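One structure is given below, encoded as structure tokens.
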Amino acid sequence: MLSTGALRAHLLAARLAGPVATSRETSLRSYRLFAARDPRVMLGLAPERAWGEGELLRLMADRCGVSADPAHVSGPDAIDPDRTVAALDAFAERLALVAERRAPVLLGTGHPHRLLGFYAGLADALSAAGCPVLTPAQGRCVDITTRFGVRTYHLDYVRGVALVREPGGRPTGGETGAHTHSPLPVRLALQDAAERLGVLPELVIGDHGWVCGAGQLGIEAIGPADTDDPALFVGEAEGRVSVVVPVDDGVRAPFYRPLTRYVLNRACLSQ
């Protein structure tokens, strides 16, 4: 079993927390865009009120541990590992509750190259505990606006985790799917779950638009977020996202495995 101290040490060593690869410039740019309600960083969230840049910076300092000094405008950003551990504990509590009820869940990621394994471990454990792991709208098309224009993707599932792929069928190599911030995949999945399966998930586990898109529709949602993803933390502050784990979402995939082990142990779901 991974202790809290060992987890904290791993977070720092892997740069999942502490000084992270996400730059201060990137984070501040996201806060400016969010304050202007730019859809590229809203991730499907429609805030209940206006959020100014200064207020967003204070929120992110409180929730993530980034510097609250507006004069700090360059260099690496930072995440407080103690905040990450506390959020992982809350994350584990939500998993334990949904497992106890054997409630249906939906997992999806916009970061399949990095986070697929993290979610797949959760899906395996929740399924073993008796939770239906939903896979609605598999193979359905979704049009997503990208910096290259509107592109059509297909919704697919790997080990119970939703992701989107570019047209052309399943990959033959190591490709896992496309990176996306869009809330459209979770909206499509939830619509199909309601209309075709006749069931909605009690909990959505994911990142980016999967969390904000579900939370905006009133579905409980939890997941990780980086310092340049203010939408999830605003959703948490406004009560539409249950738990956000501050963590760098772009490190090597194996570095997230200890996080999976930790939350499953805390949730008493280790296999």
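Length gained on full extension, residue 261 to residue 53, computed as 0.36 nm times the residue gap minus the Cα-Cα distance: 71.3 nm. Averaged over its residues, the range 1-270 has an accessible area of 42 Å² per residue, based on protein heavy atoms and a 1.4 Å probe. Sorting 197-204, 3-10, 181-188 by average packing, meaning the other beta carbons within 10 Å per residue, from highest down gives 181-188, 197-204, 3-10.
For the chain, the 222 nm mean residue ellipticity estimated from helices alone, with every DSSP H stretch of n ≥ 4 adding -39500 (n - 2.57) and the total spread over all residues, rounds to -12500 deg cm²/dmol.
Note on Kirkwood radius over Cα pairs in Å: of the candidates (i) 18.5; (ii) 19.1; (iii) 17.9, the value calculated from this structure sits at (i). Considered as an equivalent ellipsoid built on the Cα gyration tensor, the range 43-185 has semi-axes of 30, 23, 15 Å, the largest given first. Heavy-atom surface analysis with a 1.4 Å probe gives the range 1-270 a carbon and sulfur content of 51 percent of its accessible area.
Less than 5 angstrom separates the built amide H of residue 79 from those of 18, 20, all sequence-distant by 5 or more or on a different chain. Could you tell me whether the range 190-271 comes out rounded, prolate or oblate from its Cα gyration tensor? Rule is a ≥ b ≥ c as square roots of the eigenvalues, rounded for a/c under 1.5, then prolate if a/b exceeds b/c, otherwise oblate. Note, shape of the range 190-271 comes out oblate. For the range 138-156 versus the range 208-271, the spacing of their alpha-carbon centroids is 23 Å. Electrostatic tally near residue 49: other residues with Cβ closer than 15 Å to its Cβ, Lys and Arg +1, Asp and Glu -1, net -2. Placing a pseudo-label 7 Å from each Cα along the Cα-to-Cβ vector at residue 73 and residue 251 gives an inter-label distance of 3.0 nm. For residue 8 and residue 40, the FRET efficiency from 1/(1 + (r/R0)^6), where r spans their Cβ atoms and R0 equals 35 Å, is about 0.60. Computed from backbone phi, the HN-Hα couplings of the range 73-88 come to 10, 8, x, x, 8, 9, 10, 6, x, 5, 5, 5, 4, 4, 5, 5 Hz, rounded to whole numbers (Karplus: 6.51 cos²θ - 1.76 cosθ + 1.60, θ = phi - 60°; Gly and Pro given as x). The modelled label-to-label distance for the pair residue 138/residue 270, using points 7 Å beyond Cα in the direction of Cβ, is 3.1 nm.
The values are calculated or read from the model by the stated rules, or taken from the named source; none is laboratory data. Predicted model, so just to flag it, every value in this text is computed and none were measured. Glycine gets a Cβ as well: all are built from the backbone with ideal geometry, and neighbour counts include every protein chain shown. When the accessible area is computed, the model is the full protein with side chains, heavy atoms only, and any ligands, DNA or RNA have been set aside. Shrake-Rupley method; radii C 1.70, N 1.55, O 1.52, S 1.80 Å.
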